Amino acid sequence: MSEILKSLSDQGVSIWLDDISRERLRTGNLEALIRDKHVVGVTSNPTIFASALSKGDAYDTQLHDLAVRRVEVEEAVRAITTYDIRWAADVLRPVYDATGGVDGRVSIEVDPRLAKKTDETVAEARALWWMVDRPNLFIKIPATAEGLPAITQAISEGISVNVTLIFSLERYRAVLDAWLTGLERAKANGLNLAGIESVASFFVSRVDTEIDKRLDKVGTPEAGALKGKAAVANARLAHAAYEDVVNSPRWQALSAAGARPQRPLWASTGTKDPSYPDTLYVDELVTRNTVNTMPEKTLNAVADHGRVTGDTVRPHYEDAWNTMAALKEAGIDYDDVVRVLEEEGVEKFEASWNELLATVAAELRKA
């Protein structure tokens, strides 16, 4: 068992795996990661499922059965993905029970083609919640402008939500408001607030990828010195926004009624630039009551040589503001950066979803 991962967990960071596959489940690999590497949750997305379907024979029997039954492609995709999510939820159920429902969670995403459609997103969230039928499920809803009211509605109905694709501080504050509004409506509806969990997935590495590219175009020594600093600063300021909310009278009233905090979740924590330390977005974002969801490569890197040196978020809010001010002075348009990242994020997941549909359609024809 990795002592470094144990130290990270002891600091209050929940370690989640950003990957799922039928092969990982049937070989017992997920159970091994829970046992040996402190993994207490799993996230999935369309890209992960598209990759899983393209490898090995783990899905062959189910694909054959779906083909024989002449199930339409989109329903086949849902049958396949929810099967994996149910299985993973069952594997993680002991963690869920041991942590009182805080961890042991598995996330599944609504169809990303619905990211700009509120009513359809809510309907999809309800359908997935019913299909998986596990208390330790999270429904992933993107933090688009149209996704915000869907988040509120889902939470108001008692559906636990993982809000995904958050890049900007302004949008994150809107997510926090949508979450609080959902809880307030759930309370008015007489629901048990203690049973409604939520996390907010704030994306990290992609921010550096986009801003570093723009800093290279600026080309000054001052701009070069800012490379690799934006993503961590952005995430730290998101945490400051979270603390503002959980210290507010509005949250205190909900907490007194049994509600639980919407923990910040650091997503996209694998480094894209090979010149950066491969544990950068773990080492620099350690603070209690947060989640870090890692690709297995990053998880292994942290286990081997991560640096857990105490809280690396709360003491650095002022530094983070200074970094963002320096980026603005260097000519970086933050609002444009986060707009581009959200649009690209939705497009990438749509492309992966379409790839998944095409893969399943081809496999059904073969079966």
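The values are calculated or read from the model by the stated rules, or taken from the named source; none is laboratory data. Every value quoted in this text rests on a predicted model; they were computed, and no experiment measured them. So basically every Cβ, Gly included, is an ideal-geometry build from the backbone, and we count neighbours across all protein chains shown. In case anyone asks, the SASA skips ligands and DNA or RNA and just uses the protein heavy atoms, side chains included. Shrake-Rupley method; radii C 1.70, N 1.55, O 1.52, S 1.80 Å.
Quick grid of which residues meet (1) farther than 29 Å from Leu364 by Cα; (2) not acidic (Asp, Glu):
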| site | (1), (2) |
| --- | --- |
| Leu5 | yes, yes |
| Ile15 | yes, yes |
| Ala58 | no, yes |
| Asp84 | no, no |
| Trp87 | no, yes |
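Name the one entry in Glu210, Glu222 that is open to solvent by less than 60 Å² (accessible area, probe 1.4 Å), in a helix (DSSP H, G or I) and out of contact with any Pro (no Cβ under 7 Å at 6 or more places or on another chain).
Values: Glu222 fails: open to solvent by less than 60 Å² (accessible area, probe 1.4 Å).
Every option except Glu210 fails the conditions.
Restricting attention to the stretch 238-248, does a residue exist that is open to solvent by less than 50 Å² (accessible area, probe 1.4 Å), part of a helix (DSSP H, G or I) and among the charged types (D, E, K, R)? Give the steps one after another, and end with the answer.
If we filter the stretch 238-248 for residues that are open to solvent by less than 50 Å² (accessible area, probe 1.4 Å), which is where we start, we get 238-243, 245-246, 248.
Add one more test, that the residue is part of a helix (DSSP H, G or I), and what stays is 238-243, 245-246.
Pick out the ones that are also among the charged types (D, E, K, R) and you get 243.
Checked against the condition, which is being open to solvent by less than 50 Å² (accessible area, probe 1.4 Å), part of a helix (DSSP H, G or I) and among the charged types (D, E, K, R), the stretch 238-248 yields at least one hit.
Going through the stretch 143-181 one residue at a time, which ones are open to solvent by less than 10 Å² (accessible area, probe 1.4 Å), closer than 19 Å to Phe203 by Cβ, in a loop (DSSP other than H, G, I, E, B) and among the aliphatic types (A, V, I, L, M)?
Scanning the stretch 143-181 gives a single hit, Ala143.
List the helices (runs of 4 or more DSSP H) that sit entirely inside the stretch 58-133 and contain at least 3 residues that are over 19 Å from the mean Cα position of the chain (by Cα), of a type outside the set (Ser, Thr, Tyr) and within 25 Å of Lys348 (Cβ to Cβ).
Working: elements: 60-68, 73-98, 118-132.
Here the list reads 73-98, 118-132.
A quick yes/no check of all residues on (1) under 20 Å from Lys229 (Cα atoms); (2) crowded, with 17+ Cβ neighbours inside 10 Å; (3) touching a helix residue (DSSP H, G or I) at 6+ places or on another chain (Cβ under 6 Å):
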site: Trp251; (1), (2), (3): no, yes, yes
site: Gln262; (1), (2), (3): no, yes, yes
site: Ala267; (1), (2), (3): yes, yes, no
site: Thr271; (1), (2), (3): yes, yes, yes
site: Pro274; (1), (2), (3): yes, no, no
site: Glu284; (1), (2), (3): yes, yes, yes
site: Asn289; (1), (2), (3): no, no, no
site: Asn292; (1), (2), (3): yes, yes, yes
site: His305; (1), (2), (3): no, no, no
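For residues in the stretch 321-352 being more than 30 Å from Ile48 (Cβ to Cβ) and among the hydrophobic types (A, V, I, L, M, F, W, C), which is surrounded by the most Cβ atoms within 10 Å (Cβ to Cβ)?
Leu327
Could you please let me know if Arg314 is surrounded by fewer than 16 Cβ atoms within 10 Å (Cβ to Cβ), at pLDDT 95 or above and over 11 Å from Arg236 (Cβ atoms)? Explain how you work it out, then say what you get.
On the way: surrounded by fewer than 16 Cβ atoms within 10 Å (Cβ to Cβ): yes; at pLDDT 95 or above: yes; over 11 Å from Arg236 (Cβ atoms): no.
Considered against the rule, which asks whether it is surrounded by fewer than 16 Cβ atoms within 10 Å (Cβ to Cβ), at pLDDT 95 or above and over 11 Å from Arg236 (Cβ atoms), Arg314 comes out as no.
So which residues in the stretch 193-207 are of a type outside the set (A, V, I, L, M) and either assigned to a loop (DSSP other than H, G, I, E, B) or open to solvent by 30 Å² or more (accessible area, probe 1.4 Å) (or both)? Working first, answer last.
Start the filter on the stretch 193-207 by keeping residues that are of a type outside the set (A, V, I, L, M), which leaves 195, 197-198, 201-203, 205-206.
Selection gives Gly195, Glu197, Arg206.
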